[in-house]
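The values are calculated or read from the model by the stated rules, or taken from the named source; none is laboratory data. Just so you know, these numbers come straight off a predicted model, no measurement behind them. As a convention, Cβ positions derive from the backbone with ideal geometry for all residues, glycine included, and neighbour counts pool all protein chains shown. Just the protein is used for accessible areas: all its heavy atoms, side chains included, with ligands, DNA and RNA removed. Shrake-Rupley method; radii C 1.70, N 1.55, O 1.52, S 1.80 Å.
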Amino acid sequence: MGGVQLVATFARARRGVLAVVVAFLVLLGLGSNGPVSAQEEGGEVKGSLVQKNEEGERVGVPSVTFRAFDESGAEVASTTTGEDGAWSMVVPEGTYDILLDVETLPDGVALRNPDKNPAQVTLIDGSSKSTLFPLGEPEESSAGGNTVIQLIVDGLKLGLIIAMCAIGLSLIYGTTGLTNFAHGEAVTFGAVMAYLLNNAGVFGVQLPLIPATIIVVVICGGVGGLFNRTVWRPMRRRGASLVAALVVSIGFSIFFRYVILFTFGGRAKRLRDYQIQEQWDLGLFRLAPKDLVLMIISIAVLVGVASALQLTRMGKAMRAVSDNRDLAESTGIDVERVISLVWIFGSALAGLGGVLFGLTESINWEMGFRILLLMFAGVTLGGLGTAYGALFGSIIVGLFIQLSTLIIPTDMKNVGALLMLIVILLIRPQGLFGRRERIG
Amino acid sequence: MTAEPSTAQHLFDGVPFEPGAAKNDPILVADGVRRAFGGLVAVDVDHLEVQRGAITALIGPNGAGKTTFFNLLTNFDEPDTGSRLFEGNDLAGVSAYKVANLGMVRTFQLTKSLSKMTVIDNMCLGGTGQTGESFFKALFPFLWRRQEAEITERADALLERFKLSHMRDEFAGTLSGGQRKLLEMARALMVKPNMVMLDEPMAGVNPALKQSLLDHVKGLRDEGMTVLFVEHDMDMVQEISDWVVVMAEGRIIAEGPPESIASNQAVIDAYLGAHHDSALDLEAD
Amino acid sequence: MDWGAIIQNSFRGFIGEPFIYFSLAAMGLNMHYGYTGLLNFGQAVFMAAGAYGLSMAVVTLGLNFWWGLLLGIVVFPLLLALIMGVPTLRLRADYLAIVTIAASEMFRIIARSPSLDRWTGSSDGLTAFANTFYDFNPFDKQKRYFFGLFIGNQMWVVLIGWIVLSIVVLIVWMTMRSPWGRVLRAIREDEDAARSLGKNAYWFKMQSLMIGGMFGALGGMFRAIGTQSAQPQNFITDVTFFAWVALILGGAAKVGGPIAGAAILYGILNFTDVFLRQLVENGYVPESVMDGTQVGQVRFMLIGLGLILLAIYRPQGIFGTKEEMALDDR
C-alpha cells in the first residue's frame, strides 16, 4: 500500500470517527426516561465462610447468620450462609457494619479476629464487595529453633523445587528460543493430576502417592512431547516468529489455567497422603520427614539431570543445540529429536516439581503461574538458556525468598524475588553464568 | 573496470607500507584495541590509523575478526581494552547513536533496510537534528513541516542520484538485494557524515549493479568523505581502494596500497593458511 | 431465553465502559508493540497505576481529585515505565516481557497485602474517590440514556470516556505521521539501523513505554472511576491480555485497530457471558456442567483461545495487512 493510499485510509478513518461522534451526540439528546432497573441499584456485600476439616481441605460453614446495619444502627438486611459457606446481601448505597452472629457458629468454631466483627464496608451503586471473616487459629505456625537456619532449610527446599521446574523452561529456551509462558501450567497440571489419582481416585481406586507420582511424571512427559509435536513443531516448520510463538504460549497458559480453574475449582486442596506429619525438632531447625524425602528426591533428580547433560550423548547434544543450533545441526545432530526430548523431559520434571510443591504446600489452579515467575527470576539470575545456571539461580531465589521474610512481611515475600530479577537485569543482565553475547 | 580510476593515493605520500603505520592526516585512530569472546581473542589490534579523504579497505581471510573490529570502530561493540579516537573524540563509553552524530555512519553486512517502511521514509529517517523527533513538537506539525520538506527534498535528490526514485513510495521490503545496498548507502548520506563505514557493500549484489555501487563509493570520496569498507571482493578492493589493511587472526598483518598487498609475504601466508589450495588468488570468500 | 437482554448487552459491550477501558489500554499497547516493537505484558499494572494513583491520592493522601488525576495519569505511569524500562530496554525484547509480567505479579501481591492495608485498602481496594467527577455529571441519575443502555452516572463516564478516547486517537494519529513516529517504526523494524543513523533508540523506546503506559493508566483510571473503586482483582495479570487480544484482533500498527478490536472483543465477550448465563439460569445447561460463577471463567478461556488462534492464523488481525505489520514478523 502506497503512502497516498495510507493517507486516504487515515482520512477515511477520521471521517468515520467524526460520523460516529455526531451520531452519539444526536442520540444522547434522545435519552429515554425509562426507570432504572433494580438490578443496578445498591451494592452487594458478600463473602464465603470456610474452615479447614481434618484433611486440611477448606469447607464451607453453613447456617451462620450475617446482618447489615446502617450508620444509624438500624438493621437493613440479613442472610445466612449456604451449604458452601457463601453469603451475600444487597443493600442501598452507603456505609454499613456487617456483623457475623457469633451465636450461630457451630460449636468449637470461633472467629480468628473477634475484634474485627462487625466489619465496616462502604458500597456504591452497582459495586460488589467481599468481606472475609477468617475462622480458627492462624495458619502460620511459629518456627522452632534458629529462625535463620530454619529459613535457609525452607529456602533450599523451595529453591530445589523451582530448579526442577525451571530446567525444562531453560532448556526449551536454549534449544528453540521460545520463552514458554505455559510451562507453569505443566507444573499445575502435574499437581492436579496427582490430586486426581491420590484423592479423587480413578475407577474408585485411590492410588498411593508414590505410584501416582510416577504415573503423573510419565503423563506430563507425554503431554509435553505431544504439545511439541502438535503445536510447536508445526510452528517452527512454518518459520513463525518468536513473538508469535511467545503470544501463543501465553494464550495456552491462560487457556489451560482457566480450564483447570473450571474443572478443579478455585479452592486450594491438599494431597491425601503424607499430609499430617509430626515435624522433627532437630535443635537448629524443624523438618517434616516428607520434606526431607522431598529434598533428597530433588537433589537426586537434579544431580541425575546434570550428569546426564554432562555425560550422555543426548545430554551433550542438548547442550550443543542450546549453545548454537546451526552449528549443532551441521555436525549431524538431529535437532528436532533433541528438541522433542527436551520437551518431554522438561515437562516431566515440571510435573514432578508440581507434585512435590503440592506435597509441601497445597494445590491450586494458579500455583504454576506463581512458580513460573520465580522460575524466570531463577533462570535470569543463572543466565537464560544455560541448564546449570537455571539450577543455581533457582536455589538462590528460593533462599532469597525465605530469608527476605526476616525483613519484609511474609505475604509479600515473592516480591523480593521479583525485585531481585529487575536488579539483576540492571547490573548483570547475562546472569551469573551467561555470556554477554546472548542478550544483545 | 579497466578505466583509469581516480585515486587519492597521493594522500599516502611518505607513509611506510607496514602494519600500524602513522598517516599524514588520520581521521580515525585505534590503539591497543582488544576484544575476547570467552577464551577466544577475536580482535587484538596494536595500532591503526585511517587516512582522511581516502578509501581504505579492510580485508582478511574468514574469521580474521574484520567485522568484530569494524563493530568496535563504530562503537556497536565495546572493546575489553584500548582506545578509539574519531576526529579527536574518544569513543570510549559513547553510545553508538552519538557516533553517528559525530559524523561517522555505518552500514551493515546484512542490509538493514527497514522493510515495512517506504523507501522515502527510510531516507528521511536519516536526517539529523529533526525538530519533529521530539514527542511534544511532533504534535504541532507547523513546527517541523518546513524542515521535513527540506529533508524530503534532499532525500529525493539522493534517490535520484542512486537511481531509486521510481521505488520512492514502495515498501523497502520489495527492493532487490542490490537496491537495498544502494538504499542503505543513500540513507547513510542523509546523516551528512564525514566518514562512511561500509560492511561488505558488495555482498549479495548482482553483477549488473556492482559497477554502479563502485562508482557511488568513489563518488563519496570525491565529495570529501572518508570511506572504510570491509570486503571480500578483491576486484572491488583493487579497483577503488587507495589503501588496504589486512587482518588475520585478530591482528593487522599488513598495510599498503593495493598493488603492494598481493605480493606481501605475510598476506600470502595468512590466506594460504586459511585456504591451502588457493595460492595467490586473494579472492577468498 | 431473553434475547432482548442478550442483544442489548452485546451492544453495550460494543461501546460501553469496558470497551473504553480496554480501547485505551490497547491504544497504549499499540504504541508499545504496534509501533515500537516492545513486548509489554504488564499493561494491567499501568492500568492499576492510573486507578491507584487517583484513589490513593484522594483516599490515602487526602489530596483533591485534580491532584489525583496528575498522580494517576502522569506520575505513577512515568515512575513505572522507568522501573520497568531502565533495566530492560537495552536488552533483547523478551526481557521486557518477563519484567512486565513480573511487575503484574508484584502489583497483585503488594496491593492485596494486609500489611499495607492503610495505604491500599488491600483486597477490598479503595472506594469513593471520584465524587468530584460525578459532581459535574449533567445527566439525571434516575434516567436512562442512549437507547436506555446507560443510567445517568454511567452515561457521564461513557461520554467522557469517548471524548478522552478520541483525544488519544488524535494524539496517536498525529505523532505517527511525524518524524517521531518514523523513528519508533524504524526501531520496531531494526534497532541497530536506527542507532546507526544517530537515533537514541533507548530513549525513544522509553518514551514509547511512558506514553503507551499513560494511555493504559487512563484506561485503568476510567475503570476505577466507573465503579468508584480500585480493587486488585480488576488489574490482575490476565487483564493485560484482554488488551492484547483487542490489539491483535483489530490489527497492530493501525490507529483505529485497538478500538475496533476492543469493540468486537467486548461485543463477543458480553454476548457469550449473557448467553451462557441465560443457558444456565434457564436450565439448558445442567448445574453439574457449569454454574453461575464458572461463566466468568469462560471469558478467560476465550481470551486464551483467541490469542492462540489469532497468533497462528491471523497475525495481522482483522483489519491489518501483512505487508505493514503482523505479529508474525521477525
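Just so you know, in the stretch B:173-213 the residues that are touching a strand residue (DSSP E or B) at 6+ places or on another chain (Cβ under 7 Å) and assigned to a loop (DSSP other than H, G, I, E, B) include one that is farthest from B:Thr152 (Cα to Cα), and it is B:Glu200. Considering C:Gly72, C:Gly16, the condition of being under 30 Å from C:Gly320 (Cβ atoms) and of a type outside the set (Asp, Glu) is satisfied by C:Gly16 alone.
Being in a strand (DSSP E or B) and open to solvent by 10 Å² or more (accessible area, probe 1.4 Å) is a condition met by at least one residue of the stretch B:234-250. Scanning the stretch C:281-313 for residues that are part of a loop (DSSP other than H, G, I, E, B) and either in contact with a strand residue (DSSP E or B) (Cβ under 9 Å, 6 or more places away or on another chain) or within 11 Å of chain A (Cβ to nearest Cβ) (or both) turns up C:Val289, C:Met290, C:Asp291.
Checking the structure you have, find out if any residue of the stretch C:125-140 is touching a residue at least 24 places away in the same chain (Cβ under 8 Å), crowded, with 20+ Cβ neighbours inside 10 Å, in a helix (DSSP H, G or I) and facing chain A (nearest Cβ under 10 Å). No. Could you grab me the full set of residues in the stretch C:169-220 that are out of contact with any strand residue (DSSP E or B) (no Cβ under 8 Å at 6 or more places or on another chain), of a type outside the set (Lys, Arg) and outside any helix (DSSP H, G or I)? Matches in the stretch C:169-220: C:Ser178, C:Asp190, C:Asn200. Filtering the stretch A:292-324 to residues that are polar (S, T, N, Q), over 30 Å from the mean Cα position of the chain (by Cα) and surrounded by 12 or more Cβ atoms within 10 Å (Cβ to Cβ) leaves only A:Gln310. Any residue that is open to solvent by 40 Å² or more (accessible area, probe 1.4 Å), acidic (Asp, Glu), free of Cβ contacts under 8 Å to residues at least 60 places away in the same chain and assigned by TED's automatic domain parsing to the domain that holds A:Glu361 - is there at least one of those in the stretch A:281-291? No, because not a single residue in the stretch A:281-291 is open to solvent by 40 Å² or more (accessible area, probe 1.4 Å), acidic (Asp, Glu), free of Cβ contacts under 8 Å to residues at least 60 places away in the same chain and assigned by TED's automatic domain parsing to the domain that holds A:Glu361. Of everything in the stretch C:141-158 that is open to solvent by less than 30 Å² (accessible area, probe 1.4 Å) and closer than 17 Å to C:Arg223 by Cα, the residue that is farthest from the other protein chains (Cβ to nearest Cβ) is C:Val157. Assessment of the stretch B:172-185 against the conditions (more than 19 Å from the chain's Cα centre (by Cα) and of a type outside the set (Gly, Ala, Ser)) yields at least one matching residue. Within the stretch C:285-305, the set of residues being touching a residue at least 40 places away in the same chain (Cβ under 8 Å) and open to solvent by 30 Å² or more (accessible area, probe 1.4 Å) comprises C:Phe300 only. C:Gly85 meets the stated requirement of being small (Gly, Ala, Ser) and touching a Lys or Arg at 6+ places or on another chain (Cβ under 8 Å). Inclusion of B:Arg106 among residues that are in contact with a strand residue (DSSP E or B) (Cβ under 9 Å, 6 or more places away or on another chain), surrounded by 20 or more Cβ atoms within 10 Å (Cβ to Cβ), of a type outside the set (A, V, I, L, M) and within 12 Å of chain C (Cβ to nearest Cβ) is warranted.
Just so you know, in the stretch C:251-271 the residues that are closer than 14 Å to C:Phe11 by Cβ and open to solvent by 20 Å² or more (accessible area, probe 1.4 Å) include one that is farthest from the other protein chains (Cβ to nearest Cβ), and it is C:Phe271.
Quick grid of which residues meet (1) under 26 Å from A:Gly190 (Cα atoms); (2) within 14 Å of another protein chain (Cβ to nearest Cβ); (3) free of Cβ contacts under 8 Å to residues at least 24 places away in the same chain:
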{"residue": "A:Val321", "(1), (2), (3)": "no, no, no"}
{"residue": "A:Ile333", "(1), (2), (3)": "no, no, yes"}
{"residue": "A:Arg337", "(1), (2), (3)": "yes, no, yes"}
{"residue": "A:Trp343", "(1), (2), (3)": "yes, no, no"}
{"residue": "A:Gly346", "(1), (2), (3)": "yes, no, no"}
{"residue": "A:Leu352", "(1), (2), (3)": "yes, no, no"}
{"residue": "A:Ile363", "(1), (2), (3)": "yes, no, no"}
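Restricted to helices (runs of 4 or more DSSP H) entirely inside the stretch C:20-99, those with at least 1 residues that are within 14 Å of chain A (Cβ to nearest Cβ) and touching a residue at least 40 places away in the same chain (Cβ under 8 Å) are C:43-55, C:76-88.
Whenever a residue of the stretch B:127-142 is more than 7 Å from chain C (Cβ to nearest Cβ), its partners that are among the hydroxyl-bearing types (Ser, Thr, Tyr), lying with C-beta atoms within less than 6 angstrom and at least six residues away or across chains, give the pairs B:Lys137/B:Thr131. Tallying residues that are facing chain A (nearest Cβ under 9 Å) and open to solvent by less than 20 Å² (accessible area, probe 1.4 Å) within the stretch C:107-124 yields 2. Note on the stretch C:148-179: among residues that are of a type outside the set (A, V, I, L, M, F, W, C) and over 26 Å from C:Tyr35 (Cβ atoms), the one that is nearest to the chain's Cα centre (by Cα) is C:Gln154. Taken residue by residue, the stretch C:159-167 has no member that is part of a loop (DSSP other than H, G, I, E, B) and open to solvent by 10 Å² or more (accessible area, probe 1.4 Å).
Which members of the stretch B:109-123 meet the condition of being open to solvent by 10 Å² or more (accessible area, probe 1.4 Å) and over 13 Å from B:Met185 (Cβ atoms)? Within the stretch B:109-123, B:Gln109, B:Leu110, B:Ser115, B:Lys116, B:Thr118, B:Ile120, B:Asp121 meet the criteria.
Candidates are the residues of the stretch A:251-274 that are closer than 18 Å to A:Ser48 by Cα and among the charged types (D, E, K, R); the one that is nearest to the other protein chains (Cβ to nearest Cβ) is A:Arg267.
Condition check for C:Arg177 on (1) facing chain B (nearest Cβ under 7 Å); (2) under 17 Å from B:Phe136 (Cα atoms); (3) modelled with pLDDT under 95: one failure, at (1). The set of residues in the stretch B:85-125 that are over 16 Å from the mean Cα position of the chain (by Cα), in a strand (DSSP E or B) and either within 27 Å of B:Gly204 (Cα to Cα) or basic (Lys, Arg) (or both) contains only B:Thr118. Could you say whether any residue in the stretch A:325-332 is open to solvent by 20 Å² or more (accessible area, probe 1.4 Å) and within 14 Å of A:Leu171 (Cβ to Cβ)? Yes, the stretch A:325-332 contains at least one residue that is open to solvent by 20 Å² or more (accessible area, probe 1.4 Å) and within 14 Å of A:Leu171 (Cβ to Cβ). The condition of being open to solvent by 10 Å² or more (accessible area, probe 1.4 Å), of a type in the set (Gly, Ala, Ser), in contact (Cβ under 8 Å) with a residue 12 or more places away in the chain and within 30 Å of A:Leu123 (Cα to Cα) holds for C:Gly226.
Scanning the stretch A:412-429 for residues that are under 18 Å from C:Ile110 (Cβ atoms) and either open to solvent by less than 70 Å² (accessible area, probe 1.4 Å) or touching a residue at least 24 places away in the same chain (Cβ under 8 Å) (or both) yields A:Met412, A:Lys413, A:Asn414, A:Val415, A:Gly416, A:Ala417, A:Leu418, A:Met420, A:Leu421, A:Ile422.
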